[in-house]
Amino acid sequence: MALKNEISDMRYIPYLPNKLKNSGRDVGNADSKPLLSSFLILFLGLLSISSFGQVSAKIDTTSIRIGEQFNYEIIVDETKDVRFPKFESDSLNRIGVVTSHKIDSLKDQLIKKYTLTSFDSGRYVLPGQEIFIRDKRFLTDDVIIDVATVPVDTLKQPMYHIKDIKNEPYLFSDYLNYFWGLILLLIVIGLILYFVLRDKPSEEELISRIPPFDAAKMRLKELDEKELLTQNKIKMYYVELTDIVRTFIEKELNIPALESTTDELLETITDFNSSSNLNIPKETIVKLQKLLKEADLVKFAKSKPLQNEVALHRVDAEGVIDTLHPLKVESKEEEDVGQ
């Protein structure tokens, strides 16, 4: 307004000489320096108006409370070759940019809008923002913003006790998480019980899956490791020794050896040997007969053989097994060749 008043007063400068003539003063002899100064001020004023008239700044309020937002706009009366640099906050950097909006284009103007706020009370000066038009620098006017605190009237405000923490109600989604965890736990427990409690094959079933010859050899080795003779358990030793031989004969030759008496078993083997191509040596049958007869005496007549006799019976038992096993293998190979 001061600039406009100054310009308005300058419009009457050309008429000063006439007024001076009427007053009787000699204007022609008056000093021309004030007149030139007035014209110079007028020229500079018009120049500044034409320069600053191209950019301007506008805000929707100059006073806010802490945390409130306000809008700041930069208006440029040009649409070509205009560049908006980064927004410059106040010197204390207390006013922050919430949103930098896109540039709006009107008919002959560009408008750059910012949404600003502040969380510190006080009076702050937003400096003039730089705008470049055709690489020429222009500045907007400074803007003063007052940020006030929110008054709290503790006298009129009633005081209340501090409330206890209130638990939120459980939702179905909360129980769903526990449900899936429980399902997973049950699956893990089920797998553990399956591997722990599942039916495991007994020792007899495991032995039954082993070939008869290998099972007999393994059982003879286990019998030796038991050291029944050193514990004077001769009867138990002969019971297990003959059971190994009988089990092998039953599985290897398909003869009911376990349920037969000694005489029945020897008679069956003799008949089986004569009616087949096994060709069991006679001395093998004799060894088997002595072994079974001696075992019967130990078990039923409580006979006690000498230590060398026990060792001989152990050798005869393994010899019978070794002799009967390859006989069956060879007989099968001969049948396959004959076919």
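The values are calculated or read from the model by the stated rules, or taken from the named source; none is laboratory data. All of these numbers come straight from a predicted model, not from anything done at the bench. Virtual Cβ from ideal backbone geometry, glycine too; neighbours counted across all protein chains shown. Just the protein is used for accessible areas: all its heavy atoms, side chains included, with ligands, DNA and RNA removed. Shrake-Rupley method; radii C 1.70, N 1.55, O 1.52, S 1.80 Å.
Structural remarks
- Overall, the anisotropy analysis places region 252-291 in the oblate class: the square-rooted eigenvalues a ≥ b ≥ c of its C-alpha gyration tensor yield a/c not less than 1.5, with a/b not exceeding b/c.
- Between region 66-124 and region 294-322, the Cα center-to-center distance that results, in Å: 114 Å
- Pairs from the table (Lys233/Lys282; Lys251/Lys282; Lys217/Lys302; Lys226/Lys282; Lys235/Lys282; Lys282/Lys304) lying more than 24 angstrom apart at Cα are Lys233/Lys282; Lys217/Lys302; Lys226/Lys282; Lys235/Lys282; Lys282/Lys304.
- Mean shadow area of region 69-125 over all directions, Cα convex hull, nm²: 4.4 nm²
- Carbon plus sulfur fraction of accessible area for region 211-291, probe 1.4 Å, in percent: 50 percent
- At 1.567 mPa s and 4 °C, Stokes diffusion of region 94-193 via Kirkwood alpha-carbon radius, µm² per second: 61 µm²/s
- Per residue, region 223-332 exposes 57 Å² of accessible surface when a 1.4 Å probe is rolled over the protein heavy atoms with every protein chain present.
- Residues in region 63-139 average 62 Å² of solvent-accessible surface per residue, probe 1.4 Å, ligands and nucleic acids excluded.
- Positive minus negative residues near Lys102 (Lys, Arg vs Asp, Glu; Cβ under 9 Å): +1
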